Every structure is written in C-alpha cells, then in structure tokens.
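Input: a single structure, listed below in structure tokens.
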Amino acid sequence: MKIKIIYPVENMIELYKKCQLCPINCNIDRSLSKGRCQESDVLSIANVMLHNGEEPCISYGNGSGTIFFTGCGLRCPFCQNMEISQSVTRRKYYSTEQLIDVILKLEELGAVNINFVTPDHFMPHIIEAVRYLKSQGFTLPFIYNCSGYQSISHLEQVIDDIDIFLIDYKFADKNASDMCLKVTDYPAVAQKAINFLMRNKGSLVVNESGHASCGVLIRHLVMPGFKENSIEIINDLFIDYGSGIYVSLMSQYTPRYADKQYSHLQKTLAHSDYAEVIDLTQTLGFNNVYIQNIDSENDQYIPEFNLKKMFDFW
Ligand code: SF4
C-alpha cells in the first residue's frame, strides 16, 4: 500500500538538524554526521515481528507488533539487544511513508498493539507516522518502549501521541549507575522522566481481559551484584506512586552481552537476590507486579536477531 502524507506534520524531521533528541544533546546535523547513537537522519530498522515475549498485558493474541530500531544514545555496556543497539549487523532504511506501511501490515497480521523499541533517536519519523495513522482512524495502541534516559522536552513532544510507555528504571543508586553505565546522570534523568509520565499518563490501564490500553508500565532489570539498587528502586516507587502501579521485574540478564571491560557484569543473577526483590514488593503490598521465571537468564526473552524471524515485507 502506497501512502502519501497529505497533512502538515510540523516539520518533525527538522529536529534532526540540531539533534537534541536524547539527553546526550549532541547538537549535530544528523544529515551530515552521526552522534553517540550512531544513527543518521534516515530511519533504520533492525527487525519487525509479532512479539510474544513481552508482559502478558502487552503480548497477547497474535502478539505485540514490534519494530526494533537500530542504534541507541545510552549504549549500556550490558545491553541485552546489543546486536541492534550497538553492533548493528543488519538494517533496512525507511521513509515515514514506508514506516506507515509496516505498521499497517502489522495490523493486518493481527498485532494487538504497535511497539516501538528504542524509539528516541527516530522520534520525528515515528511521531509523523503515528499522527498520520491516528488522523486516519487507526486504533491500535502505540507503545514507547524506552530506556528511562529521556529528557522532559522529548517526552513533552510525544506524550499526547503515544498510548503506553514501557519505561525502564535501571538505576536509582548513583554508584551502581556509574559502575554500569557510560553516562553519569541516568538516575536523575530516569526519575524525572518517570515522574513526568506518571503525572501526565498515569499508571497502566488494563481491562478485564488483561489487555493494556494506556498508561505507564515501569520495567526494572535486576542486575547481578546490585540487589541494593533494586531495593532502592522498589522503595522509591512505593513512596512516590504507591503500591497500585504496574511494575515488571525482569530476571533475564545474561552476561554474554556484557562488555568485557566491565568485569563485574560478567556474572549471572543470584536466585536469592531476585527472590528478595520480589519479596519486598509483596511486603509493601504491590499487587500489579510482573515477574519472570528466574531461569529466564537463558535468553528465552531476548529476540534472536540472527534468525530469519522477520516478515517477507520487511
Ligand atoms: S539522538 Fe543521537 S545524535 Fe541525537 S542527541 Fe541523542 S545521541 Fe546525540
């Protein structure tokens, strides 16, 4: 299906000309050079799939229509999606019109929502597509699946267009953050981002069938050796938002992706540490917590980008 965008899209693409799309604030013209995310101003996709491995409120029915963008400004040394975020081995380039085509194809295949993974650095293309589709009566929820490293100015531009935010809260503890990330301000940025989203969007709304339609789901990957950071995060969330919020506690960390220079990340998560974090949520009365099988460190939740799982239209 060929689509021509016929309504004004507020020159979103202009945002690439002096890029401040993430807190790295490279201030470069991405038509001429690449910033820390390693992406130009041409939309680049690593994979498209009906994803059955997200939380049950997101992946149900035929699955979440998931679009994995290449590149990332945060560049975690332990990224579980390393093959697409930092060591990109394959990609395809798209215009906004072609992105719209992909989304419509996912809808045709029975996707229950449209899930943008690591969307920040391609936000202009994404929001153009979302605004166009919504103007044409498209009704599937749009999901922003992001790292927590989003500036308020970025979120202000997408808050009205995106329905569901799956946002990571990786580190609250500054020392832990400094030991595991290559940026120094993650905890402060993530706390502000989550606070902004919770104020403007509220916690996740899930219907009687267990399907999410809007709101915020906070994800936390419990890291090996950093149990105290996880405990601080749970306590912070409880104090700031109460026990009714939706939280996803992930145990899927696998050291095979960790940068060799970060030797303290070359280990697996202790079962007892994960259990302790879960116990804390129960003690505090959280009643909307997704947990993973502790054995999920075995890669079952990590999309395999080397296999030919993409569709023939991709
Ligand atoms: S999106 Fe990329 S180029 Fe833009 S500020 Fe972030 S890292 Fe820099």
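The values are calculated or read from the model by the stated rules, or taken from the named source; none is laboratory data. Since the model is a prediction, treat every value here as computed from it, not as a measurement. Don't worry about glycine lacking a Cβ; one is built from the backbone with ideal geometry, like all the others, and counts go over all protein chains shown.
Things to note:
- The C-beta contact set for region 56-84 (first residue under 14 Å from residue 116 (Cα atoms), second residue basic (Lys, Arg), distance under 7 angstrom, 6+ apart or interchain) comprises 70/91.
- Criterion: over 19 Å from the mean Cα position of the chain (by Cα) and either at pLDDT 95 or above or more than 16 Å from the ligand (Cβ to nearest atom) (or both) - qualifying residue of 55, 10: 10
- Residue pairs whose Cβ atoms lie under 8 Å apart, separated by 6 or more positions or on different chains, with the first residue in region 255-275 and free of Cβ contacts under 8 Å to residues at least 24 places away in the same chain and the second loosely packed, with under 13 Cβ neighbours inside 10 Å, are 266/260.
- Of all residues in region 238-268, those being in a loop (DSSP other than H, G, I, E, B), modelled with pLDDT under 95 and not small (Gly, Ala, Ser) number 10.
- Region 153-165 residues that are of a type outside the set (Ser, Thr, Tyr), paired with ones that are in a strand (DSSP E or B) and surrounded by fewer than 18 Cβ atoms within 10 Å (Cβ to Cβ) (beta carbon under 7 Å, 6 or more apart): 163/213; 163/214; 164/214
- Set 229, 207: member being within 24 Å of residue 78 (Cα to Cα) and either free of Cβ contacts under 8 Å to residues at least 24 places away in the same chain or crowded, with 23+ Cβ neighbours inside 10 Å (or both): 229
- Residue in region 157-182 that is surrounded by the most Cβ atoms within 10 Å (Cβ to Cβ), counting only those that are more than 30 Å from residue 113 (Cα to Cα) and of a type in the set (S, T, N, Q): 177
- For region 60-73, taking the residues that are surrounded by 19 or more Cβ atoms within 10 Å (Cβ to Cβ) and small (Gly, Ala, Ser), the one that is nearest to residue 130 (Cα to Cα) is identified as 65.
- Flag for residue 185 being surrounded by fewer than 17 Cβ atoms within 10 Å (Cβ to Cβ), touching a residue at least 40 places away in the same chain (Cβ under 8 Å) and among the acidic types (Asp, Glu): yes
- Restricted to region 74-140, the set of helices (runs of 4 or more DSSP H) holding at least 2 residues that are surrounded by fewer than 18 Cβ atoms within 10 Å (Cβ to Cβ) comprises 96-108, 123-135.
- Hey, residue 99 out of contact with any Lys or Arg (no Cβ under 8 Å at 6 or more places or on another chain), of a type outside the set (S, T, N, Q) and without any contact (Cβ under 8 Å) to a residue 60 or more places away in the chain or not: yes
- Residues located in region 56-73, provided they are closer than 30 Å to residue 260 by Cβ and in a loop (DSSP other than H, G, I, E, B): 70, 71, 72, 73
- Selection count, region 91-148, where residues are more than 16 Å from the ligand (Cβ to nearest atom), in contact with a strand residue (DSSP E or B) (Cβ under 9 Å, 6 or more places away or on another chain) and charged (D, E, K, R): 5
- Any hit, region 67-90, residues being over 27 Å from residue 222 (Cβ atoms) and in contact with a Leu (Cβ under 7 Å, 6 or more places away or on another chain): no
- Residue in region 289-296 that is in contact with a strand residue (DSSP E or B) (Cβ under 9 Å, 6 or more places away or on another chain) and over 28 Å from residue 197 (Cα atoms) present: yes
- Restricting region 25-47 to residues that are outside any loop (DSSP other than H, G, I, E, B) and in contact with a helix residue (DSSP H, G or I) (Cβ under 6 Å, 6 or more places away or on another chain), the residue that is nearest to the ligand (Cβ to nearest atom): 43
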